[in-house]
Amino acid sequence: MTVNLKTTYLGLELDTPLVASASPLGRTIEGLHRLANAGASAVVLPSLFEEQIEYDSYQVHETLELGAESFPEHATGFLPEFEAYNTGPEHYIDLVARAREELAIPVIASLNGATTGGWVEYARRLEAAGASALELNVYFIATDVEDTSTAVEQRYLDLVAAVRETIDIPLAVKVGPYFSAMANMARRLTEAGADGLVLFNRFYQPDIHLEDLEVVPNVQLSTPMELRLPLRWIAILKGRVNASLAATTGVHSGEDVLKLLLAGADVTMMCSALLRHGPEWIRTVEEAVREWLESHEYQSVEQMKGSMSQASVPDPAAFERSNYMESLITYSTPNV
Ligand SMILES: Cc1cc2nc3c(=O)[nH]c(=O)nc-3n(C[C@H](O)[C@H](O)[C@H](O)COP(=O)(O)O)c2cc1C
């Protein structure tokens, strides 16, 4: 018996639930081919950032009128670092077009921003370049003590609505978990126009270097333990929001993928695992998923999807507060 690994995400028919998450592995056409050949059922391109787009249009303007050095961020070296990540809006659009032309799998472009503004127009250009769908990564750290949660949430919703208005292709929205009412926020994001939710964005935490006494940006690859957060929320949201659900953060193995599918994910995305083991790791994960399904007599991914969501399990409280209390009470103290 061969199991059917097909799944549907954002209305796209995918051969497996294994999607390559936005990462530097997808920043060249060669990298994208490697991900596709390794078995990625779709690829999310690394993000084009709001700041890059704004910088690019400012730079064109400055070159014509003033001189690019006067852009304030330029002197700090903050923006030019992007050049090491991807090579700017025009190249990004070319990459989308080329990837779409050459790859047999869907190509999901990614925009990363925090405010509504002219840069949102790029969504249209990515659509015109042939993107199969768009992933909007809303990355915003609310550090202003005057900024209320209502205002912050509205900001997300306005941005999603602005992008939605701009394009006709499916729109996924990638957010972090730090909302006080995550379930309600998830629903409102879909009402604002998200066809899918990508849960969860990982906020990179700066560190302090004790010898240099400097704050250092510190990108650490994830660990499988981090999977628990998306696992819980996907289980809770399955069937409660009208959107596809993608899991990101902590997906490293076939077991991780299986758990997320049982919770209700339509796709699972990998970044850290592929950076650690190389794109070919996707095939290893696919084999593990296939073997488990076969040995547990499932015929398809569709058949198992969501069968352990909160709405489907006999004990829905397992995802809630009572489970927290129970796990504390039943914790057995190690001999210390
Ligand atoms: C080096 C690096 C670059 C990343 N670049 C992007 C990006 O451009 N856009 C984005 O939405 N996420 C980006 N991510 C986040 C990943 O797509 C992913 O959501 C996150 O790493 C959690 O998944 P993981 O546990 O599989 O790593 C990046 C992550 C890493 C480690």
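The values are calculated or read from the model by the stated rules, or taken from the named source; none is laboratory data. These figures come from a predicted structure and were not determined experimentally. We place every Cβ from the backbone using ideal geometry, glycine too, and count neighbours over all the protein chains shown.
For the reader, a short list of remarks on this structure follows.
- Note on the range 148-229: enclosed strands (runs of 3 or more DSSP E) holding 3 or more residues that are more than 19 Å from LEU245 (Cα to Cα) are 207-209, 214-216.
- The listed residue being within 20 Å of ASN201 (Cα to Cα) and buried (at least 23 other Cβ atoms within 10 Å of the Cβ), out of VAL241, VAL285, VAL267: VAL267
- Among the residues of the range 302-336, the one identified as acidic (Asp, Glu) and touching a residue at least 12 places away in the same chain (Cβ under 8 Å) is GLU302.
- Only one of the listed residues (ALA235, ALA243, ALA263, ALA247) is within 13 Å of the ligand (Cβ to nearest atom) and under 27 Å from ALA192 (Cβ atoms). That residue is ALA247.
- Flag for ARG290 being in a helix (DSSP H, G or I) and either within 16 Å of the ligand (Cβ to nearest atom) or free of Cβ contacts under 8 Å to residues at least 60 places away in the same chain (or both): no
- Taking the numbered list (1) without any contact (Cβ under 8 Å) to a residue 24 or more places away in the chain; (2) closer than 26 Å to PRO24 by Cβ in turn, LEU199 passes all entries but (1).
Residue-by-condition table, conditions (1) within 16 Å of the ligand (Cβ to nearest atom); (2) hydroxyl-bearing (Ser, Thr, Tyr); (3) at pLDDT 95 or above:
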{"site": "TYR178", "(1), (2), (3)": "yes, yes, no"}
{"site": "ASN218", "(1), (2), (3)": "yes, no, no"}
{"site": "LEU227", "(1), (2), (3)": "yes, no, yes"}
{"site": "PRO230", "(1), (2), (3)": "yes, no, yes"}
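- Neighbours by Cβ (under 6 Å, 6+ apart or cross-chain): first from the range 202-226, under 19 Å from THR249 (Cα atoms); second within 13 Å of the ligand (Cβ to nearest atom) and hydroxyl-bearing (Ser, Thr, Tyr): ARG202/THR249; VAL219/TYR204; LEU221/SER272; SER222/THR249; SER222/SER272; GLU226/THR249
- Test: residue in the range 184-191 that is surrounded by 14 or more Cβ atoms within 10 Å (Cβ to Cβ), within 22 Å of GLU121 (Cβ to Cβ) and at pLDDT 95 or above: yes
- Subset tally (residues that are surrounded by fewer than 22 Cβ atoms within 10 Å (Cβ to Cβ) and polar (S, T, N, Q)) for the range 1-46: 6
- Of all the residues in the range 245-287, those that are hydroxyl-bearing (Ser, Thr, Tyr) and in a helix (DSSP H, G or I) number 2.
- Scanning the range 129-165 for residues that are among the hydrophobic types (A, V, I, L, M, F, W, C) and within 16 Å of the ligand (Cβ to nearest atom) yields ALA131, ALA133, LEU134, LEU136, VAL138, PHE140, ILE141, LEU159, VAL160, VAL163.
- Yes/no for LEU95 being more than 19 Å from VAL163 (Cβ to Cβ), surrounded by 14 or more Cβ atoms within 10 Å (Cβ to Cβ) and at pLDDT 95 or above: yes
- When ALA183 is tested against (1) more than 11 Å from the ligand (Cβ to nearest atom); (2) farther than 23 Å from SER312 by Cβ; (3) among the small types (Gly, Ala, Ser), only condition (2) is not met.
- Any pair with Cβ under 7 angstrom, 6 or more apart, that starts in the range 242-259 at a residue that is free of Cβ contacts under 8 Å to residues at least 60 places away in the same chain and ends at one that is near the ligand (Cβ under 9 Å from one of its atoms) and assigned to a loop (DSSP other than H, G, I, E, B): THR249/PHE200; THR249/ARG202; THR249/SER222; GLY250/SER222; GLY250/THR223; ASP256/GLY250
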